[in-house]
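Trainee: Dropping a structure here in structure tokens format, bear with me for questions.
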Amino acid sequence: MNTRSSILLIASLMIAYSVMMVQDISAESNQITITPINEKISLEETITTMYVPEDNKLPWGSVRGEAGDVAERYPVIIQFYKGEDPVHFAQVNVKGDGSYEYKFRVRNVDSETGEAINIFQGQYIVKIYKVIPNTDVGI
């Protein structure tokens with residue numbers, strides 16, 4: 001392995017292990033819609049926005065939800081849109097306490113040129129879908 005490859009490998013490992021967040025997206029004060037699926041579960045859709053500044057220097061972003069009521073065995077679906085155009089979709093499992101977290105690259109480094117490349121930049125609509133148990137059986 002030559003010196004340049006070693007340096008790139010070390011830099012990549014350092015970036016991978018230094019998890020820095022651009023913006024955490026939480027469900028507080030966002031648009032939330034609940035649609036019943038059947039008598040036991042409903043689909044909760046949260047719509048929020050994410051803004052990544054043009055001069056961003058951090059490599060990671062994250063979407064996370066705090067512990068709450070989530071129906072067992074159903075993943076959380078996260079969708080990113082730039083305007084009306086779909087940009088990125090993800091599916092994450094829910095932890096035992098009902099929380100979830102999805103980490104994604106916002107900025108990358110071109111391995112050939114060493115130039116930083118912004119993967120996300122500007123404003124995005126983020127839609128988060130999770131299946132929740134019904135609290136009122138009469139729904």
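We did not get these values from a lab; they are worked out from the coordinates using the rules stated. Small disclaimer: the values here were computed from a predicted structure and weren't measured. Every residue, glycine among them, receives a Cβ derived from its backbone with ideal geometry; neighbour counts consider all protein chains shown.
Trainee: Please compute the length gained on full extension between His88 and Asn108, using 0.36 nm multiplied by the number of residues separating them and subtracting their Cα-Cα distance.
Mentor: Answer, rounded to one decimal: 5.6 nm.
Trainee: Taking R0 as 35 Å, what's the FRET efficiency between Asn118 and Ala67 from their Cβ-Cβ distance, rounded to 0.05?
Mentor: Computed FRET efficiency for Asn118 and Ala67: 0.60.
Trainee: Treating only the Cβ atoms of Lys and Arg (+1) and Asp and Glu (-1) as charged, compute the dipole magnitude of region 29-116 about its Cα centre; round to the nearest 20 debye.
Mentor: For this selection, approximately 200 debye.
Trainee: Distance check, please: which entries in Lys40/Lys103; Lys103/Lys130; Lys40/Lys95; Lys57/Lys127 exceed 23 angstrom between their Cα atoms?
Mentor: Listed pairs above 23 Å: Lys40/Lys103; Lys57/Lys127.
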